[in-house]
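The values are calculated or read from the model by the stated rules, or taken from the named source; none is laboratory data. Computed from a predicted model, the values in this text were never measured in an experiment. Cβ sites come from the backbone with ideal geometry, for glycine too, and all protein chains shown count toward neighbours.
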Amino acid sequence: MTRTPDNRPHLTVTLTINGEKRELDLDARVTLLDALRDRLGLTGTKKGCDQGACGACTVMADGRRVLSCLTLAAQCEGREITTIEGLSADGALHPVQEAFVRHDAFQCGYCTPGQVMSAVCLLTEGRAGSDADIREFMSGNLCRCGAYPNIVAAIRELAGDGDA
């Protein structure tokens, strides 16, 4: 780590985002969320509360969900970061995205990227045994529009199919 002329801590970080290595020169205090949105133009990850309380900024780091507003970009050196933009393959929606569409599991859509990322992890972790389990393990993702029943239905559908 070096310091800029105005004495800010500065470093170069190599991040693997959606399978692509990206090198960034950053202030050491830059969050992963700000690096994604402001430096890499990946604006699908949303900035909601900027305090880790809403889940809108949820991304995956090595297959586990993390709140990118509380994670420093420097902490992600050597980790595989997946954002909502990285879920689709060849322009096709991910099965969780398709289920959200089928079940109308969004209204304004602001929280949807974080909800989808959490749902993918929840299904991968095998924690969608019941509606109560889904609600518990999705409780870190808030939806101000109240689309919760539809979100649960979308996840429940995939938990039964095992497609996620």
Does any residue of region 46-59 turn out to be within 23 Å of Ala159 (Cβ to Cβ), among the hydrophobic types (A, V, I, L, M, F, W, C), touching a strand residue (DSSP E or B) at 6+ places or on another chain (Cβ under 7 Å) and not assigned by TED's automatic domain parsing to the domain that holds Phe137? yes
Of all residues in region 51-93 being more than 14 Å from the chain's Cα centre (by Cα) and within 26 Å of Arg135 (Cβ to Cβ), the one that is surrounded by the fewest Cβ atoms within 10 Å (Cβ to Cβ): Gln51
Could you count how many residues in region 116-134 are surrounded by 14 or more Cβ atoms within 10 Å (Cβ to Cβ) and farther than 18 Å from Ile81 by Cβ? 7
Is it the case that some residue within region 37-44 is more than 10 Å from the chain's Cα centre (by Cα), outside the structural domain of Thr16 (by TED's automatic domain parsing) and in a helix (DSSP H, G or I)? no
So the strands (runs of 3 or more DSSP E) completely within region 51-164 holding 2 or more residues that are of a type in the set (Ser, Thr, Tyr) and modelled with pLDDT of 95 or more are none
